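For reference, the structure discussed in these notes is given below.
The values are calculated or read from the model by the stated rules, or taken from the named source; none is laboratory data. Treat the numbers as computed from the prediction; the structure is a model and nothing was measured. Neighbour counts run over all protein chains shown; Cβ positions are idealised from the backbone, glycine included. Accessible surface is based on the protein model in full, side chains and every heavy atom, while ligands, DNA and RNA are left aside. Shrake-Rupley method; radii C 1.70, N 1.55, O 1.52, S 1.80 Å.
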Amino acid sequence: APDSPADVRARLDADAREVISRYPDSRSALLPLLHLVQSEEGHVTRTGVRFCAEQLGLTTAEVTAVATFYTMYRRKPSGDYQVGVCTNTLCAVMGGDAIFDALKEHLRVGNGETTPDGKVTLEHIECNAACDYAPVLMVNWEFFDNQTVESATALVDDLRAGRAVAPTRGAPLCTYKETARILAGFPDERPGAVEAGGGAGPASLAGLRLAKGESAPGRVVAPRAAARPAAEDRPGTGPRPAAGEAPATHPSSHDAPQQTSASDPSNPAGPAAEEGE
């Protein structure tokens, strides 16, 4: 691995000492150190791997094993903005797959590839824990919620043109190298960046509010309710509430309780069969 320029090495040495000092066992500093070297060159180079190994008394094989395991560490040069399209189940059916296909065609790149101008790296990513905002994109790990093909296309065009874009939630957008330094544990000194944030949406928080004893949200009604038989005609459900009687307030009361072999004493569940029986 080639040596870093002297000024870069001096800066990395000072930053590495600060990171390592936070941990009683220096080996625990490997993950933030990988983010640190990534903030310098935009990906984890052979030089970066050797640097981490020397700082922590590890072999380059040990460092490489970690750097290639976690997907947040890049293995090759890429763009200033990592545009990740969630293609996990809910985002996919809400339009994530269509957005990803449209962006590949629009940018003329494949998964994990970078535009010729070095601005955008496109990839599909797994669940971002933002299902109530599906379909979701992330740019350098900041949220862009409720996207469409048109809004996503406009977003990447703005990024490539250098126009300012604002995440739906979270801190103001910065470059991938700047993001990597923050992930290494160094403060984000941009005005207002720390105060900015974004939590989960109402659908995600409904269960938490119920658990805390807060008032329940509006009753959830299944889209198929109109086509379902009346409650008294369905097995395992009681009669409809009498006139003037309040309906059940459980958010899933249109589906529960349902009799199953585990809940019906007259049909107890037997032992689980071995695979292949």
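Quick look at the numbers
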{"item": "Amide H contacts under 5 Å for His124, placed H, 5+ residues apart", "result": "Val85, Gly112"}
{"item": "Straight-distance crosslink candidates among lysines, where the alpha carbon sits under 22 Å from Lys119 and sequence neighbours closer than 8 are dropped", "result": "Lys76, Lys104, Lys177"}
{"item": "Spin-label model distance (nm) - Ser151 vs Arg11, 7 Å beyond Cα toward Cβ", "result": "3.6"}
{"item": "In sequence order, calculated HN-Hα J values of region 174-183 (Karplus, 6.51, -1.76, 1.60; Hz; x Gly/Pro)", "result": "9, 6, 5, 4, 5, 4, 4, 5, 5, 5"}
{"item": "Solvent exposure ordering (accessible area, 1.4 Å, most first) of Glu214, Glu105", "result": "Glu105, Glu214"}
{"item": "Dmax and Rg, reported as Rg then Dmax, of region 1-56 (C-alpha, Å)", "result": "10.4, 30"}
{"item": "Within region 1-84, trypsin sites (Lys or Arg not before Pro) in DSSP loop having at most 13 other beta-carbon neighbours inside 10 Å", "result": "Arg22, Arg75"}
{"item": "Length-normalised contact order for region 88-148 - Cα pairs under 8 Å, 6+ apart - percent", "result": "31"}
{"item": "Distance in nm between pseudo-label sites at Glu18 and Ala129 (7 Å out along the Cβ direction from Cα)", "result": "2.6"}
{"item": "Area of Arg209 that stays accessible when all protein chains are in place (1.4 Å probe, Å², to 10)", "result": "90"}
{"item": "FRET efficiency, Leu208 to Ala166 (Cβ-Cβ, R0 35 Å, nearest 0.05)", "result": "0.80"}
{"item": "Formal net charge of residues neighbouring Pro167 (Cβ-Cβ distance under 11 Å; K, R +1; D, E -1)", "result": "-1"}
{"item": "Heavy-atom accessible area ranking, 1.4 Å probe, most first, across Met94, Met138", "result": "Met94, Met138"}
{"item": "Ranked order, Ser204, Ser26 - accessible area, probe 1.4 Å, largest first", "result": "Ser204, Ser26"}
{"item": "Using θ = phi - 60° and Karplus 6.51 cos²θ - 1.76 cosθ + 1.60, couplings along region 127-144 (whole Hz; Gly, Pro as x)", "result": "3, 9, 6, 9, 4, 6, 10, 5, x, 10, 10, 10, 10, 6, 6, 9, 7, 10"}
{"item": "In Å², nearest 10: area of Ile20 left accessible to a 1.4 Å probe", "result": "30"}
{"item": "Over region 1-148: Rg over Rh, Cα atoms, Kirkwood Rh", "result": "1.05"}
{"item": "Region 160-199: mean projected area of Cα convex hull, nm²", "result": "3.4"}
{"item": "Two-site label geometry, Asp158 and Ala61: point separation in nm, points 7 Å out along Cα→Cβ", "result": "4.9"}
{"item": "Nearest-10 value in Å² for the accessible area of Tyr23, using the 1.4 Å probe", "result": "80"}
{"item": "Extension gain from Ala193 to Thr71, taking 0.36 nm per residue of separation minus the Cα-Cα distance", "result": "41.4 nm"}
